[in-house]
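The values are calculated or read from the model by the stated rules, or taken from the named source; none is laboratory data. All figures in this text were calculated on a predicted structure; none of them were measured in a lab. Quick reminder, even Gly has a Cβ in these numbers, built from the backbone with ideal geometry, and neighbours come from all protein chains shown. The area values use the complete protein model at the heavy-atom level, side chains included, leaving out ligands, DNA and RNA. Shrake-Rupley method; radii C 1.70, N 1.55, O 1.52, S 1.80 Å.
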Amino acid sequence: LFRSEKKEEKPPKIRFGGETLVEMMNVDNGRTNKNTNNWRQRIHIDADVNDRVFYHARLQGQGKFGSNGNQSDSEKFRFHQSYFGIKDFLGVERIHIGRLNLAAGRELALAYQGNADGIWFRHGFGKARLEGFFVDTARGSNDTAVELRGLNINYAPTDKFEANAMWFMSDKTSSTTDAAHYGDIGFSAELSKGVTVVGEYARSSASGNPQAWALQATYNWKSAKRQRGLYTYEGMVNVKQAHDQAVGISWRSIEPDSLPGGGNYYGFGDAVTRNHKGLMIGYQNMVMEGLRLSLNYQHLLPYSGSGESANRYYAAFDLYY
């Protein structure tokens, strides 16, 4: 009798996945009460060129309910991400080149999910990690930043604490009055199982040296996921674990011209993205495998100048497949 040896199955060279988001929100500033319902579709493509080179792309389309007839260019399906990566190249641990996401520090100042065209690299040194980036972000009439370049150092002496120090610069945009340099420091600390505190502070060289900061506490009582960055860029639950649940609360303060763009956060009403402060309370639940529920409430007011405070109520379902 002869026994046939089963060949080891190799993962496919090209893999596909996706995300679907449906979100509903209400903004009330005491004068008007506005409801907005949005959708977003993402398609992921990953390919292995060889053991060291890979490719990643993400196509995205989005819009408001009932907007099928007059979508803007930013809402139509297009490549939000399209880059190739190289591992262990010229002594550098990892390099990404192309249209990529850029999340540095705790994601207060830099939290671009895509549309950052350029180069990013990462290299580890024991318990420290160095990141560098030189990118152009999306150009157009609503630019939040054009060129960004900088360095970020992460240091994690234990698996429960991580800190970062970052320097970066941005040129003049339609949203900022001057080209500026920025300094940024932040930390993530696990106080007990599932309880994490994250903080970040940024300061600009623009006129008056404006500053921005955010402080957040989260509690995940299922997977005990530790937060390395700020919600909402980083979710509070593990999307691969059904029934994972978490709550979080944060306060942020963003002076005008303190950030090159909105970073991780958006304003609404008179509390515009680049000039606001306020409270956010959030809850996330992996209702079942591949289905996440997100709820949050925000109370914001302008950091400076006149304007009304506003309340925002938000609910969303994300599907991962």
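Observations
- R0 of 35 Å, Cβ-Cβ distance N238-R31: FRET efficiency to nearest 0.05: 0.30
- Across F317, F77, F121, F133, the residue with the most accessible area heads the list, and the full order at a 1.4 Å probe is F77, F317, F121, F133.
- Accessible-area ranking of V272, V198, V92, largest first, probe 1.4 Å: V272, V92, V198
- Among the listed pairs K10/K225; K222/K277; K127/K193; K87/K240; K160/K277; K127/K225, a Cα-Cα separation exceeding 27 Å is found for K10/K225; K222/K277; K160/K277.
- For the chain, the dipole from Cβ point charges (+1 on Lys and Arg, -1 on Asp and Glu) about the Cα centre works out to 700 debye, to the nearest 20.
- Candidates S250, G186, A138 compared by Cα position along the dipole of the stretch 133-265: farthest toward the positive end lies S250, with charges placed on Cβ.
- Anchor K64: lysines whose Cα lies under 23 Å away (excluding residues fewer than 8 positions away in-chain): K34, K76
- Computed over the stretch 193-321: relative contact order in percent, which uses C-alpha pairs under 8 Å that are six or more apart: 21
- The 1.4 Å probe gives accessible areas that order S204, S82, largest first, as S82, S204.
- Extension reserve of the Q113-N70 stretch, reckoned as 0.36 nm per residue once the Cα distance is removed: 13.1 nm
- Working from label points 7 Å from Cα in the Cα-to-Cβ sense, the I249 to L293 distance is 2.2 nm.
- Amide H within-cut-off set for K222, under 5 Å, with H built and near neighbours excluded: Q245
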